[in-house]
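I have placed the structure first, in the form of structure tokens, so that the comments after it can refer back to it.
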């Protein structure tokens, strides 16, 4: 397959239709599923159901039949026959994986963990206390933060192993103080049977790992089944079925986001190096599906990047997969100027934004919508995916307009705590009565009046 990534010159063409199409395809409404995935749906249900219909059926079945349904879907979809006992990775297996792991790999894990802990501790919310004292009237207001008790983490394991996802989800949860963390990962060579992934779990103290993936894993975490107690929140990336399942169970549990395919927008000027830009686009496209979009107001960069894309794709082991993604979900866009480039970027609201310009701070000031932002020519997205400290679990599909990347604070539950003494209640009584009268909620007034009745 040849490279035929769309090229759009905004000095001549209107980019809005292309951008809208990209946002649609990359959202959970885009139904991006592999041909093999569609065929498995037909084999399982006897008809070509939509991904949303598949998820609804699986979740309802798991809710009704529990572990039996989870194991049946695992056998049919993942072609692994497991029992209650073999579904969970044993302590011995975790210990064996850790003992067999390369020491340099473990050293890397520790260094990354330190980076994550340092950043997540710095941003962690602390209790807030406000006291208002006016004579004898005393009001105390607090915002109390407590960690969630139990969290489920989805880790992909279909096309590649992702120990980085374990680090970028479980470590922030641990920083927040979560005591129980359950990891679910597909029963594949890249998932529940992957030595590096299991060694990562062992290294950071994760003792609950289950070999189950897809919508059935999300349902098991949300509803609880024999052997997997229900959780309070589910986080972590996955394919379309995982994303739709998280959306389906929201309300039973909290979720981090409804994640779609990986994506990057590179904002570049004439100071950008074409090989650098091309490598950024490919790095997200190789997730397959994944999107890479260049937005520049320096027209000669587009041809240079196209040349580099062809050269680099030919040399990469996953180049064919990245090529397909760039053809289907990529674009090279020539904006009118820097302000127009920022406007187009905000319309896409990308998961990753790499500002590869002479003055990244000046461009940053123009940008509202992005999940994570990478500044300058020497900050590729890979440093955020693997090393820096902020989590790489980020909003996709245009949801960075309103959603945020995962962090330690997302594992905290906050409660307001309010304490008035009698004098403070007396001072506030007339205001409370007046608002209650406007709303017609007389019992609210009465709850104040009964406490102050002997003063009337």
| query | Being modelled with pLDDT of 95 or more, within 19 Å of residue 228 (Cβ to Cβ) and under 20 Å from the mean Cα position of the chain (by Cα), is that true of even one residue in region 187-201? | reply | yes
| task | State which residue is surrounded by the most Cβ atoms within 10 Å (Cβ to Cβ) when the search covers only region 295-315 and only residues that are within 29 Å of the chain's Cα centre (by Cα) and more than 18 Å from residue 353 (Cβ to Cβ). | result | 309
| remark: Of 319, 292, 260, the only residue that is surrounded by fewer than 24 Cβ atoms within 10 Å (Cβ to Cβ) and either modelled with pLDDT under 90 or within 24 Å of the chain's Cα centre (by Cα) (or both) is 319
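Residue-by-condition table, conditions (1) within 23 Å of residue 187 (Cα to Cα); (2) in a strand (DSSP E or B); (3) assigned by TED's automatic domain parsing to the domain that holds residue 250; (4) within 22 Å of the chain's Cα centre (by Cα):
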{"site": "93", "(1), (2), (3), (4)": "yes, no, yes, no"}
{"site": "96", "(1), (2), (3), (4)": "yes, no, yes, no"}
{"site": "116", "(1), (2), (3), (4)": "no, no, yes, yes"}
{"site": "125", "(1), (2), (3), (4)": "no, no, yes, yes"}
{"site": "141", "(1), (2), (3), (4)": "no, yes, yes, no"}
{"site": "144", "(1), (2), (3), (4)": "no, yes, yes, no"}
{"site": "166", "(1), (2), (3), (4)": "yes, no, yes, yes"}
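Given the residues 388, 419, 403, 382, which is the only one that is in contact (Cβ under 8 Å) with a residue 60 or more places away in the chain and within 30 Å of residue 139 (Cα to Cα)?
Criteria check complete, one pass: 419.
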| From the set of residues in region 401-424 that are buried (at least 16 other Cβ atoms within 10 Å of the Cβ) and farther than 28 Å from residue 182 by Cβ, which is farthest from the chain's Cα centre (by Cα)? | 424
| field | Verdict on residue 438 being surrounded by fewer than 13 Cβ atoms within 10 Å (Cβ to Cβ) and either farther than 30 Å from residue 243 by Cα or under 16 Å from the mean Cα position of the chain (by Cα) (or both) | value | yes
| field | Test: residue 277 is in a strand (DSSP E or B), outside the structural domain of residue 106 (by TED's automatic domain parsing) and over 17 Å from the mean Cα position of the chain (by Cα) | value | no
| request: May I ask you to list the residues in region 441-454 that are surrounded by 10 or more Cβ atoms within 10 Å (Cβ to Cβ) and either closer than 19 Å to residue 420 by Cα or in contact with a helix residue (DSSP H, G or I) (Cβ under 7 Å, 6 or more places away or on another chain) (or both)? | output: 442, 444, 445, 446, 447, 448, 449, 451, 452
| Taking the stated definitions as given, is residue 277 touching a helix residue (DSSP H, G or I) at 6+ places or on another chain (Cβ under 8 Å), buried (at least 24 other Cβ atoms within 10 Å of the Cβ) and under 21 Å from residue 44 (Cβ atoms)? | no
| field | Among residues of region 245-274, those that are farther than 21 Å from residue 372 by Cα, touching a strand residue (DSSP E or B) at 6+ places or on another chain (Cβ under 6 Å) and part of a strand (DSSP E or B), counted | value | 2
| task | Please work out if residue 449 is outside any loop (DSSP other than H, G, I, E, B), in contact with a strand residue (DSSP E or B) (Cβ under 9 Å, 6 or more places away or on another chain) and more than 30 Å from residue 113 (Cβ to Cβ). | result | no
| message | Testing residue 151 on (1) at pLDDT 95 or above; (2) surrounded by fewer than 19 Cβ atoms within 10 Å (Cβ to Cβ); (3) within 30 Å of residue 415 (Cα to Cα), one condition comes back false. Which one is that? | response | (2)
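Each row is one residue, and each column tells you yes or no for (1) within 30 Å of residue 329 (Cα to Cα); (2) in a helix (DSSP H, G or I); (3) in contact with a helix residue (DSSP H, G or I) (Cβ under 8 Å, 6 or more places away or on another chain).
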{"site": "36", "(1), (2), (3)": "yes, yes, no"}
{"site": "39", "(1), (2), (3)": "yes, yes, no"}
{"site": "42", "(1), (2), (3)": "yes, yes, no"}
{"site": "49", "(1), (2), (3)": "yes, no, yes"}
{"site": "52", "(1), (2), (3)": "yes, yes, yes"}
{"site": "56", "(1), (2), (3)": "yes, yes, yes"}
{"site": "61", "(1), (2), (3)": "no, yes, yes"}
{"site": "68", "(1), (2), (3)": "no, yes, no"}
{"site": "71", "(1), (2), (3)": "no, yes, yes"}
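The values are calculated or read from the model by the stated rules, or taken from the named source; none is laboratory data. This one's a predicted model, so the numbers in the text were calculated from it and none came from an experiment. Neighbour counts run over all protein chains shown; Cβ positions are idealised from the backbone, glycine included.
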